[in-house]
Amino acid sequence: MDKNGLGHVIEFVRNDYLCKVLFINLIIHKKMVSYKDLGLVNTKEMFAKAIKGGYAIPAFNFNNMEQLQAIIQACAETKSPVILQVSKGARQYANQTLLRYMAEGAVEYAKELGWEHPQIVLHLDHGDSFELCKSCVDMGFSSVMIDGSHLPYDENVALTKKVVEYAHQFDVTVEGELGVLAGVEDEVSAEHHTYTKPEEVVDFVTKTGVDSLAISIGTSHGANKFKPEQCTRNADGILVPPPLRFDVLEAIEKELPGFPIVLHGSSSVPQEEVATINKYGGALKDAIGIPEEELRKAAASAVCKINIDSDSRLAMTAAIREVFALKPAEFDPRKYLGPARENMKKLYKHKIIDVLGSEGKAE
Ligand code: G3H
Ligand code: 13P
Ligand code: ZN
């Protein structure tokens, strides 16, 4: 096209309203990335299979390379589907764009490790606004959580519905939440659990169109899930936490047969990792998690996504503290991040094989 011709095109775009809208859309869509082009999948089929098969998909948080390598190695070796979770805090720490590229790289890495058909979801954990969810959808996430659980019911419905309407245009799945977990969720903290009300779930799911529902039945975030006074002690003097409210879960399942349920705050806080951390200078007091037999029971039910973050942090910290204490002259980060990665991988494989039952479900 000659210089004059190009001038006419620019002039036309500038003057014609419809053309201007199309042009802006073209620019926006050019910037949009579909998770499908990155080799990622959404949660739809994964959850349907998990409910039918009586197992749960591990949802592991990541914010650094060693964590991601450990997750992918563990999943490739066990052929387990996996949900890679990015929290708002992780986004701020590591940069959302970088994390997205890391997830894209993870798909290629998985194949390189011999996992022919990796089933990997990239999920926003605890999204707290429409804008944040939209930005994740636009940049290649295949699933988002909109956590309106701290809002009044009607506001939670309205916000969740808005996110669903946007995300579904791009085949991105959405997790909503009803009920409040005790403990800290990003900047929001609650002293007590507000268990999910089974009588609300059908209305919430119908009005919002969510693909899965996170519920509150007694789990909580972090490494101190229960106060010692909430626990009993076994014969050896070890703290035993109060049981999860399986009655609430069963009532929810009755209301929503076959609907995917999500459990947050499901770290078990392995006492051997806590002991290693404290042995080598740490100060974790009264750390306690969810017993693994309870998670096994939940995984066999409609619970098809189990969120684990704190256990990975403990495994990493324990390994690093041990190297620092035993090899004080060591200053090559690979010499302590390497053992940390190995310890996390061991943990992830254990969760997949012995707790959630997702081994071999993504051959
Ligand atoms: O649900 C919370 C996750 O453990 C993420 O924690 O916000 O500190 O990254 P974070
Ligand atoms: P934990 O703190 O028990 O690992 O929970 C993680 C979580 O729920 C992430 O959303
Ligand atoms: Zn959570």
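Read-outs: derived from the displayed coordinates by stated rules, not from any lab. Owing to the predicted nature of the structure, the values given are computational and were not obtained by experimental measurement. Positions of Cβ are backbone-derived with ideal geometry, glycine not excepted, and every protein chain shown enters the neighbour counts.
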Q | Listed residues Arg233, Arg100, Arg341, most fluctuating in the chain (Gaussian network, C-alpha, under 10 Å) | A | Arg233
Q | Sorted largest first, extent of the chain alpha carbons per principal axis (Å) | A | 87, 57, 38
Q. Counting each DSSP H run of 4 or more residues in the chain as -39500 (n - 2.57), what helix-only mean residue ellipticity at 222 nm follows after dividing by all residues, to the nearest 500 deg cm²/dmol?
A. -15000 deg cm²/dmol
Q. To the nearest 10 degrees, how steeply does helix 333-350 sit against the main Cα axis of the chain, on a 0 to 90 scale?
A. 80
**Q.** Cα-Cα over 28 Å, subset of Lys79/Lys197; Lys225/Lys349; Lys197/Lys225; Lys134/Lys345
**A.** Lys79/Lys197; Lys134/Lys345
Q: Could you tell me what percent of the DSSP beta bridges with both partners in region 32-356 are antiparallel, to the nearest 5?
A: 15
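Take peptides 343-352, 127-136 and line them up by average Cβ neighbours within 10 Å, highest first, as a rough protection proxy. Display every interim value, and only then the final one.
Working: 343-352: 22.5, 127-136: 18.8.
In decreasing order of mean packing, 343-352, 127-136 become 343-352, 127-136.
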Q. Label 7 Å along Cα→Cβ of Lys44; region 131-173 residues with amide nitrogen under 15 Å?
A. 142-144, 164-173
Q) Against the longest principal axis of the chain, how steep is helix 96-112, in degrees 0 to 90 to the nearest 10, with axes from Cα atoms? A) 70
Q: Measure nothing fancy, just the Cα-based angle from helix 198-208's long axis to the longest principal axis of the chain, in degrees from 0 to 90, nearest 10.
A: 20
(Q) For a quick check, take a GNM of the chain with Cα springs below 10 Å and name the residue from Ser34, Ser212, Ser80 with the largest mean-square fluctuation. (A) Ser34
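Could you give the size of the charge dipole of the chain about its Cα centre, using +1 on the Cβ of each K and R and -1 on the Cβ of each D and E, expressed in debye and rounded to the nearest 20? All intermediate terms of the calculation are to be shown ahead of the outcome.
Details: 40 positive and 51 negative charges, 145 e Å.
Charge dipole of the chain: 700 debye, to the nearest 20.
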**Q.** Reference-scaled alpha-carbon Rg (2.2 N^0.38 Å with N residues) for region 213-363
**A.** 1.17
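Hey, what did region 32-356 get for relative contact order, percent, Cα under 8 Å, at least 6 apart? Don't skip to the end; give the middle numbers.
Details: 648 pairs, mean separation 64.5, N = 325.
Relative contact order of region 32-356: 20 percent.
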Q: Positive end of the charge dipole of the chain (Lys, Arg +1 and Asp, Glu -1 on Cβ, about the Cα centre): tell me which of Val240, Met145, Pro198 has its Cα farthest that way.
A: Met145
